[in-house]
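Report on the following structure.
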Amino acid sequence: MQADQRVVTAGGSGQVAVSVKNITDTSGLGAYDLRIDYNPGIIQLTGVTGGAAPFDGNPTANINHTLGRVSFNAFQTSAGPTGNIIVAYLSVNAIGTPGQVSPLTVTVNTLASANGDNITGSPVHGSVTIFGADFTGTPPSGAAPLAVQFTDQSPGATGWSWNFGDGTGSSSQNPSHTYNQGGNYAVSLTASDETNTSTKTKTGYIQVIQANFTGAPTGGVKPLTVNFTDLSAGTVNTWSWTFGDGTGSSSQNPTKVYNNAGAYSVALTVNGPAGTSSLTKTSYINVTSIQHTAGFSQAIGAGGIMYLNINVNRIYNPSTSLDEEASGGIGAYDFTLTYPGGTTGNAVNLMAVNGVGPFASPASGTLPNTTGSLRVNSSQSGSAPQPPLTLAQVAPRIIGSSAVSRNIVLTFNSLADVASGANIPADASKTFTVKRGDARQDGTIAISDALFVAQTLAGLRDLGEGTSFTHGVNAASVKLENTTAGEKLTIADALFIAQKLAGMRDDSFN
């Protein structure tokens, strides 16, 4: 008498065959009366059904769930087979956990031949093993990169399919996997044998912590205010910042003011359930004392065109990281002028670009330039002066006839130290306003502008302006009348201003 060794998936059901083996009585088996004990905490028997013919009817059964016992018997009037025969099936539900085993202890009460003779049977006990996917991972938490060794604990499994929760997987029984990014990862394993398939998922099973951050801005002039933002992955409970100047913070997203020039390494250490992770960014914050200060100033030239000087007043030496002017002066520059270009509608055109001093021949685009953008650059191979220094002169002109204002924006692309070749940090863009009719370039149109034009035409010195000029020169060439480039100022320019001040509607002289 034997009960099968069986594997049933956790939470599932199955059947266990009960067999009588080695029947040697020539009349065969005619009746049986059996008892089987089991562990009711691991499996529950739900019924007994007949086995192979002629024992394929429904035997009489008594199931005691509390004791974990089933007794059943059947009588067959016709001659049963000899040898081996399945006399019944036990229906079981698996209520235990994967890997648990319930013994099936067989007791033979009666075995009778078809002639009614008692047959002696030796019981062979069986078992039911709970099948199910299960696994462990070691270590389940830590700082990235975290190498985890997974171990299959699925009893009797012959196939495996892993999902590590980060878009990768494996078909090995006991794989190793490295988590390179912080986060909490769900891991699942689908295990199978010849007849069963089971999936086990452990949510948030692998916890990886990884420190990360940004700061903005990462460079500038002292005092520099930097806003740091924590970008750490995984569950973080505490933050510890060091800003590279002997100070720190325990805030998640601190703000730091750097009062001294220098290059500062910033470090962040975070702590959470998965452990501790640190990140250091070397020379991450760069604070300078002085950037170069650059801009426009008005200059006086010839030929009826107003010139604007492009000036650099002071610079910082990045080659020494000191608060000083560049050791060799300025060796090269590259700046862009943007303006409302065009040929109609009171646009601004750049009529000329002249080099000054050691930068005698700047490179530029086609002149006059109507595109609205002009890039100018020049280099000096020998010794160049220290600031203050005028790099170049540009000549803007408003076309059209209306009394309008137009902006020219100066943006430095680069400015180089002649000694080291290192770039000198640029300051913000500068804006110069060209206003039609504002001959003195003071932001208003007044009688002094008309006087300015008249004095210029007469070759007189405008003492109020504080600058000397020659005949036919200056901002009155902002072109108060619709004339061509290079044409000298005329009395009509002074008349134009006077008429505007008087509120007359004559806006042009055609």
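The values are calculated or read from the model by the stated rules, or taken from the named source; none is laboratory data. Fair warning: this is a prediction, and the values are worked out from it, not measured in the lab. Cβ sites come from the backbone with ideal geometry, for glycine too, and all protein chains shown count toward neighbours. The protein model used for the area step is the full one, side chains on, heavy atoms only, and it has no ligands, DNA or RNA in it. Shrake-Rupley method; radii C 1.70, N 1.55, O 1.52, S 1.80 Å.
Summary of computed values
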quantity	calculated
Long-range HN-HN contacts of Gln380 with modeled amide H, under 5 Å	Ala332
Karplus-derived HN-Hα couplings along segment 137-153 (A = 6.51, B = -1.76, C = 1.60, θ = phi - 60°), whole Hz, x at Gly and Pro	x, 9, x, x, 7, x, 8, 6, x, 10, 8, 10, 9, 9, 10, 5, 10
At R0 = 51 Å, FRET efficiency that the Cβ-Cβ distance of Asn58 and Asn237 yields, to 0.05	0.20
3J(HN,Hα) from dihedral phi, segment 157-166, Karplus parametrisation 6.51/-1.76/1.60, rounded to Hz, x for glycine, proline	5, 10, x, 9, 9, 9, 10, 8, x, 10
Inter-part distance where segment 46-95 and segment 250-283 are each reduced to a Cα centre, Å	73
Under 12 Å from the Asn93 label point (7 Å along Cα→beta-carbon), backbone N, segment 42-61	43-47
Probe 1.4 Å, all protein chains present, accessible-area order of Phe432, Phe164, largest first	Phe432, Phe164
Thr46-Gln252 pseudo-label distance in nm [points 7 Å out on the Cα-to-Cβ vector]	4.9
Contour minus Cα-Cα distance for His125 and Gln5 (0.36 nm per residue)	42.3 nm
Distance in nm between pseudo-label sites at Glu194 and Ser265 (7 Å out along the Cβ direction from Cα)	6.3
Fully extended contour minus Cα-Cα distance, from Thr336 to Thr203, at 0.36 nm per residue	42.2 nm
Amide H contacts under 5 Å for Ala10, placed H, 5+ residues apart	Phe131, Gly132
Tensor-based shape of segment 1-157 (alpha-carbon gyration tensor, a/c under 1.5 rounded, otherwise prolate or oblate)	prolate
Relative contact order for segment 15-141, counting Cα pairs under 8 Å that sit 6 or more residues apart, in percent	35
Separation between Cα centres of segment 193-238 and segment 122-147, rounded to whole Å	29
Rounded, prolate or oblate (a/c below 1.5 giving rounded, otherwise prolate when a/b exceeds b/c) for segment 333-398 by Cα gyration tensor	prolate
Gain in span if fully extended, Thr26 to Ser161, counting 0.36 nm per residue against the direct Cα distance	43.4 nm
